[in-house]
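A quick write-up on the structure given underneath.
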Number of protein chains: 2
Amino acid sequence: MARNRSVSHVASARKSEFLAYIEIVRFELEAECPATGARAGRIHTAHGIIETPVFMPVGTQATVKGVMQRDLAAELDAHIILANTYHLFLRPGHELIRTLGGLHSFMSWPRAILTDSGGFQVFSLSHLRKISEDGVLFRSHLDGDAHLFTPESTVDVQFALASDIMMPLDECLDYPSSHEAANEAMLRTVRWARSAYQHFKRRIEETASASALFPIVQGSMFAGLRRDCAAQLLELDAPGYAIGGLSVGEPRSLSMEMTEITTPLLPRDRPRYVMGVGMPEELSEYVARGVDMMDCVLPSRNARNGCLFTSAGRVIIKQARYRDDPAPLDSNCNCITCRTHSRAYLRHLFQSGEMLFSTLATIHNLTHYLDIMRKMRQAILLGRFRAYLDNARNSAVEST
Amino acid sequence: MARNRSVSHVASARKSEFLAYIEIVRFELEAECPATGARAGRIHTAHGIIETPVFMPVGTQATVKGVMQRDLAAELDAHIILANTYHLFLRPGHELIRTLGGLHSFMSWPRAILTDSGGFQVFSLSHLRKISEDGVLFRSHLDGDAHLFTPESTVDVQFALASDIMMPLDECLDYPSSHEAANEAMLRTVRWARSAYQHFKRRIEETASASALFPIVQGSMFAGLRRDCAAQLLELDAPGYAIGGLSVGEPRSLSMEMTEITTPLLPRDRPRYVMGVGMPEELSEYVARGVDMMDCVLPSRNARNGCLFTSAGRVIIKQARYRDDPAPLDSNCNCITCRTHSRAYLRHLFQSGEMLFSTLATIHNLTHYLDIMRKMRQAILLGRFRAYLDNARNSAVEST
């Protein structure tokens, strides 16, 4: 399949073969670490190739806060970003985005986009939510208006956004949850995933979209439920799978355990995406457990709050010791912030409440994450990931 | 004089000739409009050449809010920016900036910087100010600490910042003011300018600074006082002069009148800087009256508030009519905002409170101002400024 097969070409090809869409978002496994579960690969999409393992910057409202799209591409070299269906559904509205040519066109981002289903935001942000077999009734956190998200409607919203990778509506639980509640939510998530997938296939047939839908494995912190969920979702034969319901307050050892028991159940030749993780020192742990894709607001949110990640550990920029520090934030970093500015200047911007701080800090923190991903990918391709991981673990121990 | 003569070279040359510093910031008059007072020129500084007429983006706290220094240079091609002595004195402190190599080094801005004296901010922002012949005693708007600004101390602060063009402490009055109060403030401004200039010359002798000090003509809205003030300041034989005390609430016709009676009194071979102006449609009026330099927070502040200047008039981006408008903000503008994004996307960012809006809007508004200045300069050089001005006036009438 050609690298940049056009959308219309793909669409006409699809008419003759129902399941061809699976190939639209296609994973090419390039290398596996012999000693861990780590893999390197390439995800082919209609908006370019995503080299994995990959970290996806979060662009909640069709913008990675404070960062121009030019810099996301030219400075960070992000291959894919994540946008939030819930937020874009409420504002500016998915129909408006459809009218303007989809999300890539709307926000002028030519590379790949993954959209979540909105399920997580419905459960964390909205008011008065009511779950039924049909879906979730909720009130907007913006104006209180009532809306219903169903497995089908969230697929439709994501078709309006025309994202490359879509997620089905799932039920997210807080931590801790009882086994009974977790089982019920997991079973509903599976039923919703089936409905969403059926609807997705119908829509793919009708439209020219070159998208994929990645079902989400739920099951809270119960290994048995995770296994049951994965087994049932495998029947959908999806081009990729996600692991959801982590980073909801559980200890990190549990997040790792749930990841570790789930990834081996997922198809080796499809990408695996753990949603909403993690800290910089956790990235290699997820990759070691066979994870190909991650996203998290942490690097960008922490950046805005003045917490910067560097190769020598965290920098809390408001600290007085940086007041007259002429050194770059991270002398091992080649981002425009570190190439251009001193810690003293960054501290001044932060203390003065200047928005340029958020921009420079976000570019740095995201570059730090993406650099870690690029180094891991290189290590996997060169057969050196085991050494990389050992080294990362030693550094993490030293800095604590 | 070589275009980029280094600071140390200049300093060693200066030791042998006391007044050589006047040449450090040197104005080269390139063309004059035969029908109006408009002029085109080049101001040579130790940090590059400033082509005039010029509009200086305001970088109050050592940052043009929301705009990276890279974009100020590469996208806007600003030759000079303005920074505020009052703000930088309070935070992070001028001694810190001196320690870090001066303001150019501190903020990583390799081109020219003009700093005001802080006088305007003392009168508009600070509390409990008390004016004496010595200077102004005031309390910081940040923490209430008491500080004294004297003609000498504000020069010293600006030497610590190492700006290319410095301003002496002056007394700014509100509008309206009585003739008596205006006369008293003008006379004090002249006395302070003399003290500042003497001190400045001493400091220039001692240091390696390649800076200039531009005295400020005051006199409120009284033509006679403006004339008296200008006549006395001319005795200083400064390398440039400023007109202050405008844009303080007076009708625009008065600002123009005061400018018109003052510029002919100032040396033809020195740049003239009107402080704190103006609206886009006023820029050509000031230039027609012989003004070479201007600055104003208007384009950047309005940008953040969603008021955008375009070749077809103002765009208030929150208006519903831009909701689904796929057109660029200004199809005649070549800034990165207009090259990349639609009005619909900009409106979405504004409505969502996303800081990327401020960045994109500020880049656009400042580009709009700088483009007007570049067009005027071209018109003057080509002997077509009279036609440019007539056309600008007709457009202004049409859009009101």
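A compact table of results
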{"item": "Among (1) open to solvent by less than 50 Å² (accessible area, probe 1.4 Å); (2) farther than 18 Å from B:R393 by Cβ - the single one B:G278 does not satisfy", "result": "(2)"}
{"item": "Matching residues in region B:28-59 - criterion: being surrounded by fewer than 20 Cβ atoms within 10 Å (Cβ to Cβ) and of a type in the set (S, T, N, Q)", "result": "B:T36"}
{"item": "Residue tally, condition without any contact (Cβ under 8 Å) to a residue 40 or more places away in the chain and open to solvent by 30 Å² or more (accessible area, probe 1.4 Å), over region B:243-253", "result": "3"}
{"item": "Residues of region B:61-120 that turn out to be of a type in the set (S, T, N, Q) and within 11 Å of another protein chain (Cβ to nearest Cβ), as a count", "result": "6"}
{"item": "Region B:346-374, subset hydroxyl-bearing (S, T, Y) and touching a residue at least 60 places away in the same chain (Cβ under 8 Å), residue farthest from the other protein chains (Cβ to nearest Cβ)", "result": "B:Y369"}
{"item": "Every residue from region A:340-378 that is among the small types (G, A, S) and assigned to a loop (DSSP other than H, G, I, E, B)", "result": "A:S342, A:S352, A:G353"}
{"item": "Flag for B:A73 being surrounded by fewer than 20 Cβ atoms within 10 Å (Cβ to Cβ) and under 23 Å from B:I43 (Cα atoms)", "result": "yes"}
{"item": "A:F106 vs. criteria open to solvent by less than 10 Å² (accessible area, probe 1.4 Å) and at pLDDT 95 or above", "result": "yes"}
{"item": "Verdict on B:I97 being farther than 26 Å from B:M355 by Cα, at pLDDT 95 or above and open to solvent by less than 20 Å² (accessible area, probe 1.4 Å)", "result": "yes"}
{"item": "Count - residues of region A:170-188 that are touching a helix residue (DSSP H, G or I) at 6+ places or on another chain (Cβ under 7 Å) and either more than 15 Å from A:Q158 (Cα to Cα) or surrounded by fewer than 20 Cβ atoms within 10 Å (Cβ to Cβ) (or both)", "result": "6"}
{"item": "Residue in region B:325-335 that is in contact with a Gly (Cβ under 9 Å, 6 or more places away or on another chain), in contact (Cβ under 8 Å) with a residue 12 or more places away in the chain and either surrounded by fewer than 22 Cβ atoms within 10 Å (Cβ to Cβ) or charged (D, E, K, R) (or both) present", "result": "yes"}
{"item": "Number of positions in region A:196-227 that are open to solvent by less than 40 Å² (accessible area, probe 1.4 Å) and outside any loop (DSSP other than H, G, I, E, B)", "result": "14"}
{"item": "Pair list, Cβ under 7 Å, 6 or more apart: region A:128-144 residue more than 13 Å from A:D170 (Cα to Cα), other residue β-branched (V, I, T) and open to solvent by less than 100 Å² (accessible area, probe 1.4 Å)", "result": "A:R129/A:V122; A:R129/A:V136; A:F138/A:V122"}
{"item": "Candidate set: region B:375-400, residues that are surrounded by 22 or more Cβ atoms within 10 Å (Cβ to Cβ) and either touching a Cys at 6+ places or on another chain (Cβ under 7 Å) or under 30 Å from B:D324 (Cβ atoms) (or both); chosen: the one nearest to the other protein chains (Cβ to nearest Cβ)", "result": "B:I380"}
{"item": "Evaluation of A:T340 against (1) β-branched (V, I, T); (2) open to solvent by 10 Å² or more (accessible area, probe 1.4 Å); (3) under 23 Å from B:G101 (Cβ atoms); (4) more than 11 Å from chain B (Cβ to nearest Cβ) (one fails), failing number", "result": "(4)"}
{"item": "Whichever residue in region B:125-143 is open to solvent by 70 Å² or more (accessible area, probe 1.4 Å) and either over 16 Å from B:R188 (Cα atoms) or not acidic (D, E) (or both) and, among such residues, is modelled with the lowest pLDDT", "result": "B:L128"}
{"item": "Looking only at region B:228-239, and only at residues there that are touching a residue at least 12 places away in the same chain (Cβ under 8 Å) and part of a loop (DSSP other than H, G, I, E, B), the one that is most open to solvent (accessible area, probe 1.4 Å)", "result": "B:D237"}
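The values are calculated or read from the model by the stated rules, or taken from the named source; none is laboratory data. From a predicted model like this one, the values you see are computed outputs, not experimental measurements. Cβ: placed from backbone, ideal geometry, glycine included. Neighbour counts: every protein chain shown. What goes into the accessible areas is simple: the full protein's heavy atoms, side chains included, and nothing from ligands, DNA or RNA. Shrake-Rupley method; radii C 1.70, N 1.55, O 1.52, S 1.80 Å.
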